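Data first, discussion second: the structure below is written as structure tokens.
The values are calculated or read from the model by the stated rules, or taken from the named source; none is laboratory data. The model shown is predicted, which means the values in this text are computed figures rather than measured ones. Please note: Cβ atoms are built from the backbone with ideal geometry, for glycine as well, and neighbour counts cover all protein chains shown.
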Amino acid sequence: MSSAQAVSLVALVGWGILAASAYRAHRIDAAKTTRISLIWLTIFATLFLVVELLR
């Protein structure tokens, strides 16, 4: 692993911790988290399929 990759990995972990703590600060329960995650997964999968079909 090069030093640039290590810096990117550390930054990614840092942003993930920051996002998770901000999300947790809003006290959103696990059921709502799962629902939101599935909605976003569906949106991205649909967009991916549309782009692939239009190629």
Any idea which of (1) modelled with pLDDT under 90; (2) surrounded by 10 or more Cβ atoms within 10 Å (Cβ to Cβ) is the one ALA4 doesn't satisfy? (2)
Can you name the number of the only condition in (1) part of a helix (DSSP H, G or I); (2) surrounded by fewer than 10 Cβ atoms within 10 Å (Cβ to Cβ) that ARG27 fails? (1)
